[in-house]
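The values are calculated or read from the model by the stated rules, or taken from the named source; none is laboratory data. All values reported here derive from a predicted model rather than from experimental measurement. Methodologically, a virtual Cβ is constructed for each residue, glycine included, from the backbone with ideal geometry; neighbour enumeration extends over all protein chains shown.
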Amino acid sequence: MVLYNDEQMTDDGRPPPSSPIMEALLENARTQQYLGQRLDAADDRVDTNLLGDIVRHRPVLEALRAEPLDRREIEERLDVSRATSHRFTQWLDEQGFVKKVDSRFRLTGQGEAIADEVLRFEANVRTVHRLAPLLDTICEDHQEFVLEPFLDARVTLAEPDDPYQPVERFISLLSESEAFHGFNTTHMAPLVLGGFHTQIFEETDTEIIYLPHIAEKLFETYPERAQEAIDRGHLTLRTRDDLPYGLAIFDEHVGIGGYDETTGLMQVFVDTDASIACEWADRVYASVRADSDPLHERKT
């Protein structure tokens, strides 16, 4: 995982540009709350019936996105009748989404773009359903949370018979990492879990951004060990007055934690090793880090 140094930051203290795909995802996330207003201003909203029809034709759009097909192949691929395949292709032709070439239906450029957007919509809806426990805990702070990178993320929930499952998953990833950095609105793991703090004090090179009072509580609980780890350069603590949620960046994975506001316990932990998610996490961390302050020694 990448941890940007001061030389890599831009003149205004921000992280360098990401890949074009990541920049597009971030820009979409930043502006999506205004999309309805922009569409209203353009005065050209798409009829809801047309939107529904497009979604209903997702199977044939997806099939034709893979390759051009003739009518019989569409019937076999989708397991539909001749009349249904005719109705599908007639509708796609009326919308300008397909053209017939050598007896095969081929998506037009418009059709390919529509197919891509329908699949993206389906993937995002699926991701929202899977990440619902996390999104519910960070609902006020997820405006720039990007769904696409977490399509195949692992979701670990606290269960009544095993409330520490999310923390255990977090610690297992930490134990496999040589370096770790992240930020959190509360302690990464309960202060009573000595194994976790042994890991960050003695084994894994760590940089954490905490709220000031959380950093102070860490020193109150482990005064000597925390200071020794900092003095050795093994642990770096930074503080920031406001943080959006919990972000954990390991050697090969990135994770996000959602916490119960009353107990402070981790209720859900979502992690993935997808490269686009790791890039997103590095970008977010660098941005938050740029607005944080180093804590070189215990504040008294």
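Quick notes on this structure:
- Within segment 102-127, considering residues that are among the hydroxyl-bearing types (Ser, Thr, Tyr) and surrounded by 14 or more Cβ atoms within 10 Å (Cβ to Cβ), the one nearest to Pro68 (Cα to Cα): Thr108
A quick yes/no check of all residues on (1) closer than 17 Å to Leu51 by Cβ; (2) over 35 Å from the mean Cα position of the chain (by Cα); (3) of a type in the set (Ser, Thr, Tyr):
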| site | (1), (2), (3) |
| --- | --- |
| Ala83 | no, yes, no |
| Trp91 | yes, yes, no |
| Val98 | no, no, no |
| Ser103 | no, yes, yes |
| Ile114 | yes, no, no |
| Thr127 | no, no, yes |
| Leu135 | no, no, no |
| Phe145 | no, no, no |
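- When each of Ala179, Ala153 is tested for being out of contact with any helix residue (DSSP H, G or I) (no Cβ under 9 Å at 6 or more places or on another chain), under 23 Å from Glu279 (Cα atoms) and among the hydrophobic types (A, V, I, L, M, F, W, C), the lone residue that passes is Ala179.
- Per-region count, segment 257-282, residues modelled with pLDDT under 95 and out of contact with any Pro (no Cβ under 6 Å at 6 or more places or on another chain): 15
- Residue match in segment 153-169 (condition: under 29 Å from Thr204 (Cα atoms), modelled with pLDDT under 90 and crowded, with 19+ Cβ neighbours inside 10 Å): no
- Residue in segment 263-278 that is in contact with a strand residue (DSSP E or B) (Cβ under 7 Å, 6 or more places away or on another chain), without any contact (Cβ under 8 Å) to a residue 40 or more places away in the chain and in the same structural domain as Phe196 (by TED's automatic domain parsing) present: no
- The set of residues in segment 245-288 that are in contact with a His (Cβ under 8 Å, 6 or more places away or on another chain), among the charged types (D, E, K, R) and surrounded by 19 or more Cβ atoms within 10 Å (Cβ to Cβ) contains only Asp271.
- Of the helices (runs of 4 or more DSSP H) that lie entirely inside segment 31-142, those containing 2 or more residues that are out of contact with any strand residue (DSSP E or B) (no Cβ under 9 Å at 6 or more places or on another chain) and more than 30 Å from Tyr245 (Cα to Cα) span 35-42, 48-56, 58-66, 71-78, 82-95, 109-130.
- Filter pass, Asp141 being of a type in the set (D, E, K, R) and either modelled with pLDDT under 90 or crowded, with 20+ Cβ neighbours inside 10 Å (or both): yes
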